[in-house]
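Student: This is the structure I have questions about; it appears just below.
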Amino acid sequence: MARTPSNMLALGTKAPDFSLLNTADSKTYSFDNISGTRGTVVMFICNHCPYVIHVMEGITAFAKDYQNSGIGFVAISSNDVVKYPDDDPALMKETAKKYGFSFPYLYDESQDVAKAYDAACTPDFYLFDAEKTLVYRGQMDSSRPKNELPVTGKDLRTALDALLSGKTIDTLQKPSLGCNIKWKV
């Protein structure tokens with residue numbers, strides 16, 4: 001497990017589209033399928049990373065808090081499942097069920113979507129506005145395994161609240177920190 005920060009994709013970037021399989025219902029979803037009318041949160045996560053496991057319940061609660069406000073959510077796993085079988089799509093389906101995901105959990109087998117988003121770690125969070133423009137990227141909050149801080153989603157919530165109220169989102173944003181994406185060689 002390498003502690004890896006977000007690459008911090010440039011603010012203003014348009015959301016890269018994708019067409020990925022949802023492990024829960026075996027349907028294919030694109031950015032347009034999952035986007036909300038007011039904004040969209042794209043999360044790169046996986047099943048086995050302790051940083052993701054640490055925030056998993058917070059992610060689920062966070063999504064439920066904002067989905068009725070016109071915010072779409074999607075989680076994507078891009079890890080190499082040959083070397084990291086805990087991230088296999090069948091186990092992704094179990095994870096989505098275990099945590100009660102109210103959003104698709106998509107499998108990026110080719111890793112092309114992670115590359116398009118310049119994703120580096122799990123978890124890695126991106127917030128796009130209604131025009132599919134990146135307005136926030138980085139950490140959910142400052143909580144990490146063993147640092148004793150509660151999982152609140154403060155940073156991402158602050159950005160979402162600003163987006164929903166039409167206020168300016170602070171461009172000083174902290175990178176997420178987690179396990180590196182397990183790239184295929």
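Student: Starting from region 73-89, keep only residues that are over 9 Å from residue 107 (Cβ atoms), then list their pairs with residues that are in a strand (DSSP E or B) and β-branched (Val, Ile, Thr) whose Cβ atoms are within a distance under 8 Å, requiring at least 6 positions of separation or different chains.
Tutor: Once the first residue is over 9 Å from residue 107 (Cβ atoms) and sits in region 73-89, its partners that are in a strand (DSSP E or B) and β-branched (Val, Ile, Thr) give 73/40; 73/41; 74/40; 74/41; 74/42; 79/122.
Student: Going by the conditions given, is residue 23 under 15 Å from the mean Cα position of the chain (by Cα) and hydroxyl-bearing (Ser, Thr, Tyr)? Break it down stepwise before answering.
Tutor: On the way: under 15 Å from the mean Cα position of the chain (by Cα): no; hydroxyl-bearing (Ser, Thr, Tyr): yes.
The answer is no for residue 23.
Student: Quick one: residue 8 ticks every box in (1) in contact (Cβ under 8 Å) with a residue 60 or more places away in the chain; (2) touching a helix residue (DSSP H, G or I) at 6+ places or on another chain (Cβ under 8 Å) except a single one, so which number is it?
Tutor: (2)
Student: May I pose another question? Within region 10-20, restricting attention to residues that are assigned to a loop (DSSP other than H, G, I, E, B) and among the aliphatic types (A, V, I, L, M), which residue is nearest to the chain's Cα centre (by Cα)?
Tutor: 15
Student: Suppose we filter region 105-129 for residues that are among the small types (Gly, Ala, Ser), surrounded by fewer than 24 Cβ atoms within 10 Å (Cβ to Cβ) and in contact (Cβ under 8 Å) with a residue 60 or more places away in the chain; how many remain?
Tutor: Taking region 105-129 and keeping what is among the small types (Gly, Ala, Ser), we get 110, 114, 116, 119-120.
Next cut, surrounded by fewer than 24 Cβ atoms within 10 Å (Cβ to Cβ) only: 110, 114, 116, 120.
Those left that are additionally in contact (Cβ under 8 Å) with a residue 60 or more places away in the chain: 114, 116, 120.
So the count comes out to 3.
Student: So, one more: Which one of these does residue 91 not meet: (1) more than 27 Å from residue 131 (Cα to Cα); (2) within 12 Å of the chain's Cα centre (by Cα)?
Tutor: Unmet condition: (2).
Student: Kindly indicate the residue of region 26-59 that is hydroxyl-bearing (Ser, Thr, Tyr) and farther than 15 Å from residue 73 by Cβ and also nearest to the chain's Cα centre (by Cα) among those meeting that condition. Steps first, answer last, please.
Tutor: Of region 26-59, the ones hydroxyl-bearing (Ser, Thr, Tyr) are 26, 28-30, 35, 37, 40, 51.
Filter once more, so that each one left must be farther than 15 Å from residue 73 by Cβ: 26, 28, 51.
Details: 26: 19, 28: 18, 51: 12 Å.
So, considering only residues that are hydroxyl-bearing (Ser, Thr, Tyr) and farther than 15 Å from residue 73 by Cβ, the one nearest to the chain's Cα centre (by Cα) is 51.
Student: Could you pull out the residue among 5, 50, 104, 16 that is farther than 25 Å from residue 132 by Cβ and not aromatic (Phe, Trp, Tyr)?
Tutor: Details: 5 fails: farther than 25 Å from residue 132 by Cβ; 104 fails: farther than 25 Å from residue 132 by Cβ; 16 fails: farther than 25 Å from residue 132 by Cβ.
Sole residue among the options that is farther than 25 Å from residue 132 by Cβ and not aromatic (Phe, Trp, Tyr): 50.
Student: crowded, with 20+ Cβ neighbours inside 10 Å and under 16 Å from the mean Cα position of the chain (by Cα), is that true of residue 7?
Tutor: no
Quick note: the coordinates plus some simple rules give every number you see, no bench work behind them. As the structure is a prediction and not an experimental result, all values here were calculated from the model. Here Cβ is always computed from backbone atoms with ideal geometry, including for glycine, and neighbour counts include all displayed protein chains.
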